[in-house]
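Take a look at the structure set out below.
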Amino acid sequence: MRRAITLLLLLANTGVDAAEVSATLADGKLGARVDALSFPSTLPKELTSGLTNRIYAQVTLADAHANRGQKVVEIAIRYDLWDEKFSVVSTMDGTIAESRTLASLPEVNALLAALPLPRLFETANLPAGVELTLRVEVLLNPIDREKMLMIRKWVAQNNTPEVGGRAGISMSNAIFNQIFDQYADGSNVAAAWRVSIASAPFRLDSLQHERR
Amino acid sequence: MTTRINKQCRIALAMLSWFAPLAAAQTAETIVEEPLVVQEVICTGNLITSCEFIRDHLYLVAGDALDEEQIRNAELRLSALRNFTSVNFRLEKGAARGAVIVVIEVEEASPIVREWLLGASSRADAQRGVFAGRIAHQNLFGEGKIVDLAAVAIVPIAGETLNEAYDVALRYVDPQLFGSNRNFGVAGVRWRKRRYEDIYGNFGSIDAGQFELTLGRRIADFSYLSFGVAVRSDNDWAAGRWDSNGDFVTSNPESFSDYGLTLAYGWNTEDDLYFPTRGSTFQINVGGDYQPNEPEGRTHIQFRKTWAGSGAYWTFKLGGDPSPEYRDSVGESQLLSLSYARPVAPGDNIQRGRWYIEPGFAFKGYTSSGTVFYEYGLKAGFRADTKLFGFVDLYLLGTKDGSR
């Protein structure tokens, strides 16, 4: 009985993310900033792996009645093994918006701790006196649906066991399974780490312009 | 680990070294575009899996230009395997600027698999608890052989009728018999004791130990054919049932005498036995113990197909959960069912989980008047792959006798 109670408690255990989204205003454009994202504990190691890590943020602006717009920001971070510096390239809807070099991991961590997603929506097209919200979905190293379908096909074709290899009854890698489940949920992109957060309602006329 | 640089790689490294000063002067914007060349691919963390097997999943070799897309694809391919709990790639500086060593870091999964089932069902005027457990070593001798011990107990709780069963099986499975991944073989010993009697007087009982041997061969991409023999020198079995004419027939078929032979054909395109997201399994059996009125109650035909849609998984099942090839499922299902399952968000303890509801229907036999005895009902449950307990399946099943 004690084990059963333990199991039920464990099954009910879900993580809570303390991240916050706030609206920003710069150059006449509305943006967002995501503070205190709980990235995976392995991220610092991944950031210095020499491979490109991508942070994908889909930002949706909405009022009480409808969505006012949606933008996708991707931040690619790559560590140069020889220069020991990080290059950070931000794109918005596929167009490079900003490139910079950060000298150390603490600088990258500081950037990620208050993730800037500036200048997304023209404020001229938005009503000043209406309450708006920003919903941000953040994914780390996302995988698109096409690639996932390719991998699933590969899994189906390769579930025949081989000596010293794929013997067994089930694949059990949790990360891979999580990604599968996100596609079943209707997502077009999925990732092993994924967070969705919304801002508190705000009005444009209550925001202050930020300096560049 | 010995460093091996082939000729192609040496040339590439030499060319890179000429351009090294230029590369160092590049701006931040172009650092991302700096070409890198694979000097070597090495593995870490692999104690029982060969690096050659791991490397085979990365379609890059020494001398190739580094393609991050290929690395991410290989990461996914390796992550899909049950062999590893984590797979990570990283780069290390090679012999010259621009030459990189690709390091594949793996954490091997435990070869021990545990599975637990706890259920309660109310069927045909009998309430019972179902308890099952399985423990298996899935990489015996480091060669993928399997040894599997499973036990099932169906314990009566209440009710006017009887349904009680105890089953223990120890199996040795070679998924690559004679060194070929086309062949598989299963040898096992099993003891089974079961009694049942329904409200109409249909009954069955068995108390038998048996030795089993199955040889199979995989055909084409997903199909297989197998032949099995079960030998039981001493068994105590009896069964009686009403037929469609209203006659009561007691029998002791030869197929359940000293030995039983089974020929099976099937296919399996599912991506996961416990949590299928797509694909189907099919199996048809001839001979052996596959009679719905026998105490074992297994069916000749089994089919399962899963679709993903509307944020859920839909599974159609005929003949219960599948036991394709050398696998053996433990579970309680109705003959025909449609399951609606939704994934549960993984956490620290649940690696993967689903809750499900499963309406179904089952043909049970005939009543004393020769009319069809059938049931319909609903199963609701939760299945998860947990870090603490392994696979866990909890369910409730209730059915109604449709013939009354």
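The values are calculated or read from the model by the stated rules, or taken from the named source; none is laboratory data. Here the structure is a predicted model, which means the values were calculated and not measured. Positions of Cβ are generated from backbone atoms using ideal geometry, with glycine treated the same way; all protein chains shown enter the neighbour counts. For the accessible areas, the whole protein counts, side chains as well, though only heavy atoms, and no ligand, DNA or RNA atoms are used. Shrake-Rupley method; radii C 1.70, N 1.55, O 1.52, S 1.80 Å.
Taking all protein chains as present, what is the carbon and sulfur share of the accessible area of chain B, in % to the nearest whole number, probe 1.4 Å? Write out the running numbers ahead of the final one.
Numbers: 10730 of 18020 Å².
Percent of accessible area from carbon and sulfur atoms in chain B: 60.
Please express the shape of the stretch B:140-193 as an equivalent ellipsoid: the semi-axes are the square roots of 5 times the eigenvalues of the C-alpha gyration tensor, given largest first in whole angstrom. Before the final figure, lay out each step's value.
Details: eigenvalues 246, 20, 13 Å².
The answer is 35, 10, 8 Å, longest axis first.
Residues of the stretch B:298-404: accessible area per residue at 1.4 Å, in Å²? Spell out each step's value before the answer.
Values: 4350 Å² over 107 residues.
It amounts to 41 Å² per residue over the stretch B:298-404.
Report, by chain and number, residues whose modeled amide H sits under 5 Å from the one on A:Thr24, excluding near sequence neighbours (fewer than 5 apart, same chain).
Here the answer is A:Gly31, A:Ala32, A:Arg33, since their amide H atoms fall under 5 Å of that of A:Thr24.
Evaluate peptide B:87-94: per residue, the Cβ atoms of other protein chains within 10 Å of its Cβ; return the mean as an integer.
The per-residue average across the peptide is 4.
Can you give the angle from 0 to 90° between the axis of helix B:7-18 and the longest principal axis of chain B, with both taken from C-alpha atoms, to the nearest 10?
Tilt of helix B:7-18: around 50 degrees.
For the stretch B:135-238, what D do you get in µm² per second when you plug the Kirkwood radius from alpha-carbon pairs into Stokes-Einstein at 10 °C and 1.306 mPa s?
Working: Rh = 16.0 Å.
Result for D is 99 µm²/s.
Multiply the residue gap between A:Lys45 and A:Asp63 by 0.36 nm, knock off their C-alpha separation, and tell me the result in nm, one decimal place.
2.5 nm
Considering amide H positions built from the backbone, and no H for Pro or chain starts, which residues 5 or more places from A:Leu51, or on another chain, come under 5 Å of its amide H?
For A:Leu51, whose amide H was placed from the backbone, the distant partners under 5 Å are A:Tyr79, B:Leu91.
Dividing the convex hull volume of the alpha carbon atoms of chain B by its residue count, what do you get in Å³ per residue?
Per residue, the Cα convex hull of chain B comes to 158 Å³.
So which aspartates and glutamates pass the test for A:Lys45, namely a Cα distance under 15 Å, with those fewer than 8 places away in the same chain ruled out?
A:Asp80, A:Glu84, A:Glu107, B:Glu92, B:Glu105
Give me a comma-separated list of calculated 3J(HN,Hα) values for the stretch B:127-144, in order, Karplus coefficients 6.51, -1.76, 1.60 applied at θ = phi - 60°, integers in Hz, x for any Gly or Pro.
Values per residue, Gly and Pro as x: 9, 8, x, 10, 10, 8, x, 9, 9, 9, 9, 9, 9, 5, 6, x, 10, x Hz.
To the nearest 0.05, what FRET efficiency results for A:Ser206 and B:Leu388 with a Förster distance of 51 Å applied to their C-beta separation? Walk me through the intermediate numbers first.
On the way: r = 48 Å, r/R0 = 0.95.
Once rounded, the FRET efficiency stands at 0.60.
Pull out the extension gain between B:Val61 and B:Val229, defined as 0.36 nm times the separation in residues minus the alpha carbon to alpha carbon distance; nm, one decimal.
Values: separation 168, 0.36 × 168 = 60.48 nm, distance 4.73 nm.
Contour length minus the Cα-Cα distance gives 55.8 nm.
When we measure straight from the Cα of B:Lys364, which lysines land under 22 angstrom away, once same-chain ones fewer than 8 places off are left out?
Straight-distance partners of B:Lys364: B:Lys193, B:Lys317, B:Lys379, B:Lys400.
The stretch B:167-214: percent of C-alpha pairs farther apart than 12 Å?
Values: 772 of 1128 pairs.
So the pairs more than 12 Å apart make up 68 percent of the total in the stretch B:167-214.
In sequence order, what are the phi-derived ³J(HN,Hα) couplings for the stretch B:96-102 according to the Karplus relation 6.51 cos²θ - 1.76 cosθ + 1.60 with θ = phi - 60°, rounded to whole Hz, with x for glycine and proline?
9, 4, x, 9, 10, 9, 8
Modelling each spin label as a point 7 Å along the Cα-to-Cβ direction, I'd like the B:Tyr166/B:Leu47 distance in nm, to one decimal.
Modelled inter-label distance: 3.7 nm.
Give the interface area between chains A and B as buried accessible surface, both sides summed, probe 1.4 Å, in Å² to the nearest 100. Display every interim value, and only then the final one.
Values: alone 13530 and 21100 Å², together 28300 Å².
Interface between A and B: roughly 6300 Å².
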